[in-house]
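In what follows, a single structure is set out as structure tokens and then discussed.
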Amino acid sequence: MHATERLYLYSRFERFWHWAQTALILMLLVTGFEIHGTFTLLGFARAFAVHNFCAWSWLVLYAFIVFWMAVTDEWKHYVPTFLKLMDVVRYYLSGIFKGEPHPVPKSERAKHNPLQRLTYLGIVSFLVPFQMITGFLYYTYNQWPQLGFAGSLTLKAVAVLHTLGAFAFLAFVIVHVYMTTTGHSLTAHIAAMFTGYEDVPRNGVKPEV
């Protein structure tokens, strides 16, 4: 018998914005690299148009996400904590390969472990605004004189910063996809983002697989 309990962890809106944001980030990465000439898929003009549409859509979605977190208790799941942080780090470095139980099992009160909290908070509060601001500056290059940016910025610098942000997101996506496979089954975490329910270890006991 599996030592797990089924918890409802992800609401409909949370699942919606997760997958919508995933689609937008992937489209922004693909069209962004095409704009840079890495490959040809849609053609420059269409890639540029799709990239801008996805960017503005992401901005609107981001505003709704922040508002949703602010008016619900969801923001509590992203409050950083260093309690058991090193235990989680050691788990992902070695414990997971030895079949050890996760030191911080998910619960309805804490959906994210300390490492996830710090990562997600950094992305939401720094990386996302950074990418949006550099993208907006890139997009409004011809209006820089009217905006008062002429002489204080260079297009090359903004382009480099925006590209570095894109690579940071690409790295996060790769790691994030890998981490979704580290549940008690290969698809347990991914399935939870479709159904909202996840079977989590009870009392820190690693379930049988």
Problem set entry | Criterion (more than 15 Å from the chain's Cα centre (by Cα) and of a type in the set (Phe, Trp, Tyr)) met by exactly one of Tyr120, Tyr92 | Tyr92
Problem set entry | Cβ pairs under 9 Å, 6+ apart, first in the range 33-58 and free of Cβ contacts under 8 Å to residues at least 40 places away in the same chain, second among the hydroxyl-bearing types (Ser, Thr, Tyr) and open to solvent by 40 Å² or more (accessible area, probe 1.4 Å) | Glu34/Thr40; Ala47/Thr40
Exercise. Out of the range 37-61, which residues are loosely packed, with under 13 Cβ neighbours inside 10 Å and not in a helix (DSSP H, G or I)?
Worked result: Gly37, Thr38, Phe39, Thr40, Leu41, Gly43
Problem set entry | Flag for Phe130 being open to solvent by 60 Å² or more (accessible area, probe 1.4 Å), more than 19 Å from Thr180 (Cβ to Cβ) and in contact (Cβ under 8 Å) with a residue 24 or more places away in the chain | no
Problem set entry | Filter result for the condition that a residue is open to solvent by less than 60 Å² (accessible area, probe 1.4 Å), within 22 Å of Met27 (Cα to Cα) and either in contact (Cβ under 8 Å) with a residue 60 or more places away in the chain or in a helix (DSSP H, G or I) (or both), over Phe136, Phe172 | Phe172
Exercise. Mind checking whether some residue in the range 142-165 is among the hydroxyl-bearing types (Ser, Thr, Tyr), surrounded by fewer than 18 Cβ atoms within 10 Å (Cβ to Cβ) and within 23 Å of Val30 (Cβ to Cβ)?
Worked result: yes
Exercise. Which of the following residues is among the hydrophobic types (A, V, I, L, M, F, W, C) and either farther than 28 Å from Gly183 by Cβ or open to solvent by less than 30 Å² (accessible area, probe 1.4 Å) (or both): Leu26, Leu7?
Worked result: Leu7
For this session: Kindly indicate the residue of the range 68-86 that is within 15 Å of Ala110 (Cβ to Cβ) and part of a loop (DSSP other than H, G, I, E, B) and also most open to solvent (accessible area, probe 1.4 Å) among those meeting that condition.
Result: Phe82
Seminar exercise, completed: Note on the range 91-123: residues closer than 22 Å to Trp17 by Cβ, open to solvent by less than 50 Å² (accessible area, probe 1.4 Å) and assigned to a helix (DSSP H, G or I) are Gln116, Arg117, Tyr120, Gly122, Ile123
Seminar exercise, completed: Per the list (1) at pLDDT 95 or above; (2) crowded, with 17+ Cβ neighbours inside 10 Å; (3) closer than 30 Å to His184 by Cβ; (4) of a type outside the set (Val, Ile, Thr), residue check on Gly32 breaks on (3)
Exercise. Does Arg6 satisfy being part of a helix (DSSP H, G or I), out of contact with any Ser or Thr (no Cβ under 7 Å at 6 or more places or on another chain) and basic (Lys, Arg)?
Worked result: no
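The values are calculated or read from the model by the stated rules, or taken from the named source; none is laboratory data. Model, not experiment: these values are computed from the prediction. For neighbour counting, all protein chains shown are included, and Cβ atoms are generated from backbone atoms with ideal geometry for every residue, glycine included. In case anyone asks, the SASA skips ligands and DNA or RNA and just uses the protein heavy atoms, side chains included. Shrake-Rupley method; radii C 1.70, N 1.55, O 1.52, S 1.80 Å.
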